[in-house]
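Heads up, the thing below is written out as structure tokens.
The values are calculated or read from the model by the stated rules, or taken from the named source; none is laboratory data. Computed from a prediction, not measured in an experiment: that's the story for all the values here. With ideal geometry, Cβ positions are generated from the backbone for all residues, glycine too; neighbour counts draw on all protein chains shown.
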Amino acid sequence: MRNLTLNYETLIKVTRSLSRSKDPEKIIQETVESIKSALGIKGCALLLINQQSKDLEVAASTGLSTEYLNKGTVSALSSIADSLKDGPVAVYDVSDDPRIQYPGAAKKEGIASILSVPIFVGDAAIGAIRVYTAEKWEFTLDDVNFVQALAQIAGVLIEMSRLHKGQNEYIDVLTTSCESPAL
């Protein structure tokens, strides 16, 4: 990590956005942009697990081409899958690592290294934040801890959004039933 002060500033910026905004997509997008800016990297993406297909779906990204993002389905069971079970995984050389599902697409995109950090809600992994570098990168403990902190904030945000949506749907049902003429 280049500058821990910058990372604290990024954490403050993201948590302020969290407390001010009601738009989870905007906050998630700001999170990936903040990680990219703070680390000075090629790109960043936040992926969520589709519970039916077990694929990772892009919820937000920055610095990555549409072609790369649409390269094919990303399996939560085979694409750096250990990070969803065991915690952060750093891949130093994407061209020479069997955990990379699409090494050719990564090379074409100009990606050399990837850090994958799980997003947890409680004890369940719901997705991952992936950090992409253009040069081979030895991720430091500070790098990993910084991305983990933002992944935890993202997990809280996503869970709060789901609860808020459920609460609003419940209120709508109650309002509709109260407005209905009595039978």
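Worth a mention:
- Look at (1) within 27 Å of ASN7 (Cβ to Cβ); (2) in contact with a helix residue (DSSP H, G or I) (Cβ under 7 Å, 6 or more places away or on another chain); (3) of a type in the set (Gly, Ala, Ser) and you find that ALA76 fails only one, number (1).
- Residue within segment 111-127 that is in contact with an Asp or Glu (Cβ under 8 Å, 6 or more places away or on another chain) and within 15 Å of SER61 (Cα to Cα) present: yes
- Scan of segment 104-116 for residues that are in a helix (DSSP H, G or I) and surrounded by 14 or more Cβ atoms within 10 Å (Cβ to Cβ), ordered by number: ALA105, ALA106, GLU109
- When segment 69-126 is filtered for residues that are closer than 23 Å to SER53 by Cα, at pLDDT below 95 and of a type in the set (Gly, Ala, Ser), the ones remaining, listed by number, are GLY72, SER75, ALA76, SER78, SER79, ALA81, SER83, GLY87, GLY122, ALA124, ALA125.
- Residue match in segment 1-16 (condition: hydrophobic (A, V, I, L, M, F, W, C), at pLDDT below 75 and assigned to a loop (DSSP other than H, G, I, E, B)): yes
Residue-wise test of (1) among the polar types (S, T, N, Q); (2) modelled with pLDDT of 65 or more; (3) closer than 22 Å to ALA45 by Cβ; (4) out of contact with any Phe, Trp or Tyr (no Cβ under 9 Å at 6 or more places or on another chain).
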site: PHE139; (1), (2), (3), (4): no, yes, yes, no
site: ALA149; (1), (2), (3), (4): no, yes, yes, yes
site: GLN152; (1), (2), (3), (4): yes, yes, yes, no
site: SER161; (1), (2), (3), (4): yes, yes, yes, yes
site: ILE171; (1), (2), (3), (4): no, no, no, yes
site: LEU183; (1), (2), (3), (4): no, no, no, yes
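- ALA125 falls short of the stated requirement of being among the hydrophobic types (A, V, I, L, M, F, W, C), farther than 21 Å from ILE28 by Cβ and in contact with a Lys or Arg (Cβ under 8 Å, 6 or more places away or on another chain).
- Within segment 69-103, tally of residues that are outside any loop (DSSP other than H, G, I, E, B) and either under 18 Å from ASN145 (Cα atoms) or of a type outside the set (Ser, Thr, Tyr) (or both): 13
- Filtered residues of segment 50-89 (kept if in contact with a Leu (Cβ under 6 Å, 6 or more places away or on another chain) and in contact (Cβ under 8 Å) with a residue 60 or more places away in the chain): LEU56, ALA59
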